[in-house]
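Comments concern the structure below.
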Amino acid sequence: MRFRHPDGSTVHLSYCTNVHAAEDLDGVLAQLGAYAEPVRRRLHRDRLGIGLWLARDAAHDLTSDPAALRRLRGELDARGLEVVTLNGFPYQGFGDEYVKYRVYRPDWTEPDRLEHTADLARLLAALLPDDITEGTVSTLPLAWRTGFDAERRRTALDALCALARQLDALEELTGRSIRVGLEPEPGCTVETTADAIEALTGEGAPPAHRIGVCVDTCHLATSFEDPEQALPALGRAGLPVVKAQLSAALHAEEPHRPDVRAALAEFAEPRFLHQTRVRTGAGPRATDDLDEALTSGALPTEAPWRAHFHVPLHAPLSPPLTATVDELRASLGQLVGGDTPLTHHLEVETYTWQALPAGLRPRTRAQLADGIAAELGVARDLLTDLGLKELP
């Protein structure tokens with residue numbers, strides 16, 4: 001979906017396909033017909049943007065076989081789908097029954113991460129619509145924090161500098177400009193926008209015209225960052241918002257109450273990490289997962305908790321829990337509500353549909369397509385409320 005910003009530029013809205021478990025090219029192609037095209041039809045659009053997740057094996061299939069890449073591009077065109085952004089954070093196995101900490105490997109200290117991301121950039125340059133010359137890729141924020149020392153930071157930043165050089169060469173060769181954004185996430189070495197500024201503006205940092213930040217509004221809210229302060233700070237630091245992922249976190253206003261804790265326990269599940277945060281007078285307190293937070297004494301209960309659980313944008317949660325949709329709205333106001341957009345690539349990223357409590361999960365393909373379309377409808381309304389005009 002494309003929108004015209006009041007400044008005349010085009011803002012792209014897509015949904016991220018990491019919600020679908022597809023590890024190889026056949027799986028990617030299957031999801032286009034099973035989900036993406038039905039979502040487009042539900043929205044009554046001739047064209048729908050998708051933020052492709054290409055796992056390692058799928059990316060290898062496409063980079064090693066030009067005919068396979070042509071086939072994917074042909075399928076996208078035939079189904080009324082377009083790609084301007086890729087999700088390069090998960091490397092493989094994102095649809096496995098157990099993901100947790102595995103999603104952070106390989107990290108930016110490991111050669112496989114650089115190779116994979118460079119492959120994604122080359123693929124995106126070939127998949128961009130004919131009238132678009134700029135694409136974006138999101139990636140993990142260097143590494144998980146454990147054991148990340150100064151030497152590993154240097155290695156990671158060197159890899160990003162090497163990537164930037166490859167992206168420069170790619171633009172010279174193809175005329176397509178691909179930028180990569182680190183996605184701050186709770187528990188990682190780059191957890192907040194302030195961490196991103198420190199990592200990407202210091203000595204040895206990669207050039208900002210290639211490497212910037214991917215703002216995930218669920219992560220922003222989970223860390224209790226104020227979008228009206230955090231997002232302008234990126235601009236003042238000279239860091240571009242390469243792309244933004246539109247998502248909402250789980251909020252518990254009164255975590256001391258037994259009914260609130262029981263409701264939270266419904267969201268503690270075995271597949272993904274659900275980092276949980278609380279603000280105190282002495283600073284933030286944190287756990288790596290929601291079940292850990294619910295252990296007696298793990299976190300203070302006098303102040304609200306937020307958990308890294310991407311909850312659907314369109315369906316209000318039942319009390320006593322809520323979603324951070326107000327924080328999403330405030331973030332969008334900063335991202336695209338000003339005189340000029342901070343970013344032109346927006347991506348709805350609710351990948352946790354099958355991790356929701358049983359009563360909230362979609363039971364059929366049609367129900368999942370309904371939910372994704374409804375989320376995109378919410379995002380569309382938020383954008384038009386800010387003065388953007390939806391384009392045909």
With the condition kept exactly as written, say whether any residue in the stretch 290-297 is touching a Pro at 6+ places or on another chain (Cβ under 8 Å), over 16 Å from VAL99 (Cβ atoms) and polar (S, T, N, Q).
no
Of the residues in the stretch 207-226, how many are touching a strand residue (DSSP E or B) at 6+ places or on another chain (Cβ under 9 Å) and assigned to a loop (DSSP other than H, G, I, E, B)?
4
For the stretch 103-145, how many residues are in contact with a strand residue (DSSP E or B) (Cβ under 9 Å, 6 or more places away or on another chain) and over 30 Å from PRO270 (Cβ atoms)?
13
Return the residues of the stretch 227-260 that are closer than 19 Å to LEU313 by Cα and either more than 18 Å from the chain's Cα centre (by Cα) or part of a strand (DSSP E or B) (or both); say none if nothing qualifies.
LYS243, ALA244, GLN245, LEU246, ALA248, ALA249, LEU250, HIS251, ALA252, GLU253
Within the stretch 334-383, restricting to residues that are surrounded by fewer than 16 Cβ atoms within 10 Å (Cβ to Cβ) and touching a Phe, Trp or Tyr at 6+ places or on another chain (Cβ under 8 Å), the one that is farthest from VAL11 (Cα to Cα) is PRO357
So LEU48 passes all but one of these: (1) surrounded by fewer than 18 Cβ atoms within 10 Å (Cβ to Cβ); (2) within 23 Å of GLY371 (Cβ to Cβ); (3) not charged (D, E, K, R). Which condition number does it fail?
(1)
Is it the case that THR155 is at pLDDT 95 or above, under 17 Å from the mean Cα position of the chain (by Cα) and in a helix (DSSP H, G or I)?
no
Candidate set: the stretch 281-313, residues that are assigned to a strand (DSSP E or B) and at pLDDT below 95; chosen: the one surrounded by the most Cβ atoms within 10 Å (Cβ to Cβ)
PRO284
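Please tell me if THR189 is open to solvent by 10 Å² or more (accessible area, probe 1.4 Å) and either at pLDDT below 95 or closer than 12 Å to LEU142 by Cα (or both).
Numbers: open to solvent by 10 Å² or more (accessible area, probe 1.4 Å): yes; either at pLDDT below 95 or closer than 12 Å to LEU142 by Cα (or both): yes.
Yes; evaluated as a whole, the condition is true for this residue.
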Of all residues in the stretch 94-149 being surrounded by fewer than 22 Cβ atoms within 10 Å (Cβ to Cβ) and of a type in the set (Ser, Thr, Tyr), which is nearest to ILE50 (Cα to Cα)?
THR133
Just need a number here: residues in the stretch 112-130 that are in contact with a helix residue (DSSP H, G or I) (Cβ under 9 Å, 6 or more places away or on another chain) and free of Cβ contacts under 8 Å to residues at least 12 places away in the same chain.
0
Among residues of the stretch 256-271, those that are out of contact with any strand residue (DSSP E or B) (no Cβ under 8 Å at 6 or more places or on another chain) and open to solvent by less than 30 Å² (accessible area, probe 1.4 Å), counted
1
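Please specify each residue of the stretch 261-280 satisfying the condition of being outside any helix (DSSP H, G or I) and out of contact with any helix residue (DSSP H, G or I) (no Cβ under 9 Å at 6 or more places or on another chain).
If we filter the stretch 261-280 for residues that are outside any helix (DSSP H, G or I), which is where we start, we get 266-280.
Hits for the stretch 261-280 are ARG279, THR280.
Based on this model, can you work out whether GLY27 counts as of a type outside the set (Val, Ile, Thr), open to solvent by 10 Å² or more (accessible area, probe 1.4 Å) and on the phi > 0 side of the Ramachandran plot?
It is false that GLY27 is of a type outside the set (Val, Ile, Thr), open to solvent by 10 Å² or more (accessible area, probe 1.4 Å) and on the phi > 0 side of the Ramachandran plot.
The values are calculated or read from the model by the stated rules, or taken from the named source; none is laboratory data. Nothing here was measured: the structure is a model prediction, and the numbers come from that model. Counting neighbours? That spans all protein chains shown, and the Cβs are built from the backbone with ideal geometry, glycine included. Just so you know, the surface numbers come from the protein's heavy atoms only, side chains and all, with ligands and any DNA or RNA stripped out. Shrake-Rupley method; radii C 1.70, N 1.55, O 1.52, S 1.80 Å.
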